[in-house]
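Read the structure below first, then the notes.
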Amino acid sequence: MFTRVCKSETIAEGGMRLVIADTHLIVLAWPDNGEIRAFQGVCPHSATALNEASFDGTVLTCPLHFWTWDLNSGAPVEPQESPLAEYPVKIEDGVVYIDTEGVSPLFVDP
């Protein structure tokens with residue numbers, strides 16, 4: 001089931017923001033030359049919320065230990081430990097919807 005999270009105009013190309021859908025903290029990102037994507041909003045390494053993360057239009061960097069991910073895919077850049085879980089996104093009439101059903105954040109075993 002898709003949950004309305006925000007208007008698409010609230011995110012610019014090359015930007016990101018955190019949203020909540022069905023109690024899931026989610027990074028909503030629009031990578032440069034890409035499409036709006038949704039990934040888990042907590043670091044798989046430290047479970048830190050990624051609201052303070054930096055995003056350069058392609059790479060998201062966790063502020064705690066500087067782990068990085070490519071937000072065109074959610075794949076880890078450095079270190080190659082864990083991808084970010086991705087949520088299905090749809091945009092209708094300028095509104096962004098995210099489906100959390102069956103998706104759980106990924107975590108690295110300590």
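The values are calculated or read from the model by the stated rules, or taken from the named source; none is laboratory data. Fair warning: this is a prediction, and the values are worked out from it, not measured in the lab. All Cβ positions, even for glycine, are placed from backbone atoms using ideal geometry, and neighbour counts span all protein chains on display.
Odds and ends about this structure:
- Answer residue from segment 71-86, given it is closer than 19 Å to GLY14 by Cα and buried (at least 16 other Cβ atoms within 10 Å of the Cβ) and is farthest from the chain's Cα centre (by Cα) among those: PRO76
- Candidate set: segment 28-43, residues that are in a strand (DSSP E or B) and of a type in the set (Gly, Ala, Ser); chosen: the one nearest to GLY74 (Cα to Cα): ALA38
- A single entry from LEU84, LEU60 fulfils the requirement of being assigned to a loop (DSSP other than H, G, I, E, B), at pLDDT 95 or above and not polar (S, T, N, Q): LEU84.
- Among the residues of segment 87-110, the ones that are within 17 Å of LYS7 (Cα to Cα) and surrounded by fewer than 16 Cβ atoms within 10 Å (Cβ to Cβ) come to 7 in all.
- Selection of segment 44-57 for residues being assigned to a loop (DSSP other than H, G, I, E, B) and hydrophobic (A, V, I, L, M, F, W, C) yields ALA47, ALA53.
- Within segment 14-31, the set of residues being in contact with a Cys (Cβ under 9 Å, 6 or more places away or on another chain) and surrounded by 23 or more Cβ atoms within 10 Å (Cβ to Cβ) comprises just one member, LEU28.
- Any hit, segment 13-27, residues being among the aliphatic types (A, V, I, L, M), outside any loop (DSSP other than H, G, I, E, B), free of Cβ contacts under 8 Å to residues at least 40 places away in the same chain and closer than 22 Å to GLY94 by Cβ: yes
- Residues of segment 90-110 that turn out to be in contact with a Phe, Trp or Tyr (Cβ under 7 Å, 6 or more places away or on another chain) and part of a strand (DSSP E or B), as a count: 4
- Among residues of segment 32-54 being over 16 Å from PRO83 (Cα atoms) and under 13 Å from the mean Cα position of the chain (by Cα), the one that is surrounded by the most Cβ atoms within 10 Å (Cβ to Cβ) is ILE36.
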